[in-house]
Amino acid sequence: MDEILALLSHEMIHIRYAGHGKRFRQELKRIGFEGDVQRHFPDLVKWTHSLRRAFRYTYACSRCGIQIQRRRKIQGNCAACHEKGIRSRFKLL
């Protein structure tokens with residue numbers, strides 16, 4: 001039951017805050033889920049990932065080289081570089 005509450009809380013925060021940015025994390029901390037649902041309920045992660053579509057696209061940051069996988073095409077900046085004050089976009093590999 002705790003897993004369901006955590007999952008629903010996580011998704012409800014997404015209604016207000018897109019992504020997993022600073023405000024999203026602050027809200028998780030406020031309701032007692034600091035570190036996100038994944039850290040609290042690792043079995044829930046396995047279950048939800050088994051239900052999702054496969055990743056189709058791999059992107060790399062043009063500055064730091066970090067790679068991310070996505071299920072659909074995106075246009076976005078690297079959060080790791082952004083936190084250092086560097087503006088860097090992801091490129092499709």
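Does Ile86 meet the test of being under 15 Å from the mean Cα position of the chain (by Cα), in a loop (DSSP other than H, G, I, E, B) and among the aliphatic types (A, V, I, L, M)? Even if it seems obvious, please write down each step before you answer.
Numbers: under 15 Å from the mean Cα position of the chain (by Cα): no; in a loop (DSSP other than H, G, I, E, B): yes; among the aliphatic types (A, V, I, L, M): yes.
Answer is no for this residue.
In the set Gly85, Gly76, which member is farther than 26 Å from Leu7 by Cα and either in the same structural domain as Ser9 (by TED's automatic domain parsing) or not aliphatic (A, V, I, L, M) (or both)?
Values: Gly76 fails: farther than 26 Å from Leu7 by Cα.
Step by step, each of Gly85, Gly76 is checked, and only Gly85 is farther than 26 Å from Leu7 by Cα and either in the same structural domain as Ser9 (by TED's automatic domain parsing) or not aliphatic (A, V, I, L, M) (or both).
Based on what the data block shows, is Ser62 surrounded by 10 or more Cβ atoms within 10 Å (Cβ to Cβ) and small (Gly, Ala, Ser)?
yes
Could you please let me know if Arg16 is surrounded by 12 or more Cβ atoms within 10 Å (Cβ to Cβ) and not aliphatic (A, V, I, L, M)? Spell out the reasoning first.
Details: surrounded by 12 or more Cβ atoms within 10 Å (Cβ to Cβ): no; not aliphatic (A, V, I, L, M): yes.
So Arg16 does not fit the description; no.
Could you check the stretch 53-73 and list, in sequence order, the residues that are assigned to a loop (DSSP other than H, G, I, E, B), under 15 Å from the mean Cα position of the chain (by Cα) and farther than 29 Å from Ile4 by Cα? Quick ask: steps written out before the conclusion?
Of all residues in the stretch 53-73, those assigned to a loop (DSSP other than H, G, I, E, B) come to 53-56, 62-66, 71-73.
From the residues that got through so far, the ones that are under 15 Å from the mean Cα position of the chain (by Cα) too are 55, 66, 71-72.
Result: Ile66, single match.
Can you confirm whether the stretch 42-52 contains a residue that is of a type in the set (Gly, Ala, Ser), loosely packed, with under 12 Cβ neighbours inside 10 Å, more than 15 Å from the chain's Cα centre (by Cα) and under 19 Å from Asp2 (Cβ atoms)?
If we filter the stretch 42-52 for residues that are of a type in the set (Gly, Ala, Ser), which is where we start, we get 50.
Subsequent filtering for residues that are loosely packed, with under 12 Cβ neighbours inside 10 Å retains 50.
When the remaining residues are screened for being more than 15 Å from the chain's Cα centre (by Cα), the result is 50.
After this cut, where a residue has to be under 19 Å from Asp2 (Cβ atoms) as well, the list is none.
No, there is no match, as no residue in the stretch 42-52 is of a type in the set (Gly, Ala, Ser), loosely packed, with under 12 Cβ neighbours inside 10 Å, more than 15 Å from the chain's Cα centre (by Cα) and under 19 Å from Asp2 (Cβ atoms).
The values are calculated or read from the model by the stated rules, or taken from the named source; none is laboratory data. Predicted model, so just to flag it, every value in this text is computed and none were measured. Quick reminder, even Gly has a Cβ in these numbers, built from the backbone with ideal geometry, and neighbours come from all protein chains shown.
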